[in-house]
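Undergrad: Have a look at this one before I ask anything.
The values are calculated or read from the model by the stated rules, or taken from the named source; none is laboratory data. The structure displayed is predicted, hence computed values, not measured ones. Positions of Cβ are backbone-derived with ideal geometry, glycine not excepted, and every protein chain shown enters the neighbour counts. All accessible areas refer to the heavy atoms of the entire protein, side chains included, with ligands and DNA or RNA removed. Shrake-Rupley method; radii C 1.70, N 1.55, O 1.52, S 1.80 Å.
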Amino acid sequence: MSGALVLAPAGAALRELRELRARPWHTGTAALVAGLVLGPRAPLAVPLAALAAPMLASRAGARLALAAAVVAGALLAQARLEAIDATRLAPRVGHAVRERVLLLDAPRARRFGVRVATVRLDGERVLLRAGRGVRWPTERVGAVLAARGGLEPLPASDAWQRARGVHAQLRADALADTGVRRGGLAGVVDGVRARAQAVLRTGVPPPEAALLRGMALGDDAALPDRTRDEFRASGLSHLVAASGQNVMLLAALVLGVAAVIGLALRARLALVLAAIALYVPLAGGGPSIQRAGVMGAAAVVAVLAGRPAARWHALLLATAVTLSLNPRAVQDVGWQLSFAAVVAILLLAARVRDGLVRRGLPRGVAEATALTGAATLGTAPLIAAHFGQSSLVSLPANVLAAPAVAPAMWLAMIAVAVGQLGTALAAPFVALAAFPVAYVMWVAHIASGVPGARASLPAAVVGAACATAALAVMVPRARAPIAAGAAAALVLVVALSLAPDSPLARWLARTPAAGLAALVSRASAAGLAAPTGLRITFLDVGQGDATLLQWRRTAILVDTGPPDGPILTRLRHAGVRRLDLLVVTHAQADHDGGAAAVLRAMPVGLVLDGRDGVRDSSGLRMAAQAARRGVRTIGARAGEVLRIGAIALRVLWPASARGPADAGADPNQRAIVAEADAAGVRMLLTADAESDVLAGLELGPVDVLKVSHHGSADPGLPALLQRLRPRLAAIEVGRHNVYGHPAAATVRALLAAGAALVRTDRDGSVSVEPAAGTLRIHAHA
């Protein structure tokens, strides 16, 4: 049986290779995609790909064409990137701006009253940022605004926008609507979108209206934070992102209506092409919807040509088109998830559906289950890699929601079409759509509340489990050994889900299975013994900060990492059973997200609260838990010194209490900066405060530096390092994060300064102990 396990995939691969060689258009598109992907990222690999590509062709002329396609893709990618990166704004950065800007997308709310949107300034894409005191005069895409403010470099937290051609940030002091709207075809689409949004807000409660807009148009800007979190935890967030599902349902709706009114097949398919061409820009024109639109259009063209749709060629064609428009689209998480979902559906969905139908499941239910299951298997490893979390309820939640998704989208799309003639005509369709939408919201709410709905599992574990399941579907003759592997993977997943800090373990502790939970807790708790002197540990909690300082049995924790992160597991592994001091440097979820869980799980002597009056959800949970446990909480001001055992913690920043001038300010600028001294070792804890804050403080040489803001780009860092001269620098950062942390320039500056460098994304948790004048470093990856 094990031979079948090895030979069956190999035989399938050979069949696929023969199939490819028989289809020159497939191989040519694949060669073009290879060049588009490799050209900007691995130019040295382009010649190798050009030499390997001819193996997919059987004729001399075709071999030469494939090699040329690889080179052409690389050259096209390079040319497109040069065009995207070209900017005339560089000389204007750092100067005041009074300009008219074109609003390209709806403003999105961020924390602390900040709202952002993408605008076109002087023909280039710029991020427009407005604080709480700035009123947005209109949210209509295509509006021309008069903006006054300052042009700044794009901040590190928005570095991912560079992949979308954004070159700078305009921090607005004032905005006004000029009353001008863009014209041309884009203006027509703007008008259709504005009427569609107005229609979908009519006669339904705001939460349902926001979700309806998200499901039909991919516009989730108005979605409440609570609903967004529930959809994310339940694995339903893809429903509010315009994607292939939207295009598929739109095509089915148009074909059905066209058939009812008696149009011929070619007329129906032409109408579908027109609907897709309108829907892609209407839904924002992002990489995922571009891919879905091109695939849908390719399938329609194949039917118009009298041939069966070549699904793999449609996927390759969609990839080539989206990467030709923007070669960096491959870096977009949404594009990656969309692509992975389609590949998994093509490989697995039909097999799963047929197997379920043979076992007596109704075909409609089997189809929905197969599509959902395949997409979940394809995307789960990427979600774990990018976000450090996996939804253990995604599959059942999607299956439960599936019956309501198509009716909700169809009714919304009909309302959008009819509503172009008048809002009153669309009102009945919107009212009917509110019922399936409310049901989907209920599913998300219930599923997100299931213990263990979100689990922090290693991407490798998730990937192995999904690959095992996919292999079992694709190689039915080798299911026995695969089933054994799947069982082992399931045991590992359950064991990790039962880690002491997981919701499932806490739930089991209140049930008859408490004995099992306690057993797993004891097994997971085994870790390091308490140090005999000073130990500094940079804890691997994903994309967030958590630094542990121990002196024998004294323990100080500075920040706790993100919500649902592994902070409790890390503390127990470090031998911590109580904290003498918990420092929360500022009000951002990647720093205070786990504070409430820490306070709930173990005794804490004192909380040093750096939220500085900002009210965020994580901080409010922390404050409530501290009050419930009777833990004293104090604010932080420069000059205060806290002595915990042999550790002296001196607060360097912020200098004063928050005032009116600080309203709406970036919390990073007000984060606690502290210096710790113990056993002759001096350490600087910077939180997310960068050189613009640190340069104004009285700083001298330090032994250990906790690098600011996960290693983001900081132009003032080299000058700062000349003053600090750290022996060791630590970057607390998550693997495969979407922000590009740590920045290459930051890493180069640290190494040039002569510091030994450790990173939690690469090294895992890292502990440092002084020994005979040196720093002994131990990684716990």
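Undergrad: Between a residue in segment 674-689 that is within 17 Å of L557 (Cβ to Cβ) and touching a residue at least 12 places away in the same chain (Cβ under 8 Å) and any residue that is crowded, with 20+ Cβ neighbours inside 10 Å and among the aromatic types (F, W, Y), which pairs come within a Cβ distance under 8 Å, given they are 6 or more apart or on different chains?
TA: A678/W551
Undergrad: Can you tell me which of (1) part of a loop (DSSP other than H, G, I, E, B); (2) touching an Asp or Glu at 6+ places or on another chain (Cβ under 8 Å); (3) among the small types (G, A, S) is the one S618 doesn't meet?
TA: Unmet for S618, out of (1) part of a loop (DSSP other than H, G, I, E, B); (2) touching an Asp or Glu at 6+ places or on another chain (Cβ under 8 Å); (3) among the small types (G, A, S): (1).
Undergrad: Quick one: Q588 ticks every box in (1) more than 19 Å from A689 (Cβ to Cβ); (2) open to solvent by 10 Å² or more (accessible area, probe 1.4 Å) except a single one, so which number is it?
TA: Here Q588 meets the rest and fails (1).
Undergrad: Let me ask another. Could you pull out the residue among V405, V393 that is crowded, with 18+ Cβ neighbours inside 10 Å and within 19 Å of A251 (Cβ to Cβ)?
TA: Just one listed residue meets the conditions, V405.
Undergrad: Keeping to segment 726-756, report how many residues are closer than 19 Å to D545 by Cα, open to solvent by 10 Å² or more (accessible area, probe 1.4 Å) and part of a loop (DSSP other than H, G, I, E, B).
TA: Number of matching residues: 9.
Undergrad: Continuing with the same structure: Name every residue in segment 547-558 that is at pLDDT 95 or above and either in a loop (DSSP other than H, G, I, E, B) or not hydrophobic (A, V, I, L, M, F, W, C) (or both), in order of residue number.
TA: Matches in segment 547-558: T547 only.
Undergrad: If you don't mind, there's one more thing I want to ask. Tell me, yes or no, whether segment 697-713 has at least one residue that is out of contact with any strand residue (DSSP E or B) (no Cβ under 6 Å at 6 or more places or on another chain) and in a strand (DSSP E or B).
TA: no
Residue-wise test of (1) hydroxyl-bearing (S, T, Y); (2) out of contact with any Ser or Thr (no Cβ under 7 Å at 6 or more places or on another chain); (3) at pLDDT 80 or above.
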site	(1), (2), (3)
S237	yes, yes, no
V240	no, yes, no
S243	yes, no, no
G262	no, yes, yes
A283	no, yes, yes
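Undergrad: Name the residues in segment 438-487 that are more than 20 Å from A344 (Cα to Cα), in a helix (DSSP H, G or I) and at pLDDT 75 or above, would you?
TA: Passing the criteria: A438, Y439, V440, M441, W442, V443, A444, H445, I446, A447, S448.
Undergrad: Checking V204 against (1) out of contact with any strand residue (DSSP E or B) (no Cβ under 9 Å at 6 or more places or on another chain); (2) in a helix (DSSP H, G or I); (3) open to solvent by less than 50 Å² (accessible area, probe 1.4 Å), which test does it fail?
TA: (2) is the only condition that V204 fails.
Undergrad: Do we find that E230 is touching a His at 6+ places or on another chain (Cβ under 9 Å), in contact (Cβ under 8 Å) with a residue 40 or more places away in the chain and among the acidic types (D, E) in this structure?
TA: yes
Undergrad: Tell me, yes or no, whether segment 195-204 has at least one residue that is under 23 Å from T322 (Cβ atoms) and without any contact (Cβ under 8 Å) to a residue 24 or more places away in the chain.
TA: Among the residues of segment 195-204, not one is under 23 Å from T322 (Cβ atoms) and without any contact (Cβ under 8 Å) to a residue 24 or more places away in the chain, which makes the answer no.
Undergrad: Looking only at segment 150-201, which residues are open to solvent by 50 Å² or more (accessible area, probe 1.4 Å) and not in a helix (DSSP H, G or I)?
TA: E152, P153, R171, D173, D177, G179, V180, R181, R182, G183, R201
Undergrad: Exactly one condition in (1) open to solvent by 30 Å² or more (accessible area, probe 1.4 Å); (2) modelled with pLDDT under 90 is false for R759; which is it?
TA: R759 satisfies all of (1) open to solvent by 30 Å² or more (accessible area, probe 1.4 Å); (2) modelled with pLDDT under 90 except (2).
Undergrad: Which of the helices (runs of 4 or more DSSP H) contained wholly in segment 1-80 include at least 2 residues that are at pLDDT 80 or above and open to solvent by 80 Å² or more (accessible area, probe 1.4 Å)?
TA: Result: 45-52.
Undergrad: Kindly evaluate F435 against the criterion of being in a helix (DSSP H, G or I), crowded, with 18+ Cβ neighbours inside 10 Å and at pLDDT 85 or above.
TA: For F435, the condition - in a helix (DSSP H, G or I), crowded, with 18+ Cβ neighbours inside 10 Å and at pLDDT 85 or above - is not met.
Undergrad: While we're looking at this one, here's another question. Filter segment 316-367 for residues that are surrounded by 21 or more Cβ atoms within 10 Å (Cβ to Cβ), free of Cβ contacts under 8 Å to residues at least 60 places away in the same chain and over 20 Å from A467 (Cβ atoms) and give the result.
TA: Hits for segment 316-367 are A318, T322, W335, R353.
Undergrad: Which members of segment 551-567 meet the condition of being more than 24 Å from V681 (Cα to Cα) and surrounded by fewer than 24 Cβ atoms within 10 Å (Cβ to Cβ)?
TA: P563, D564
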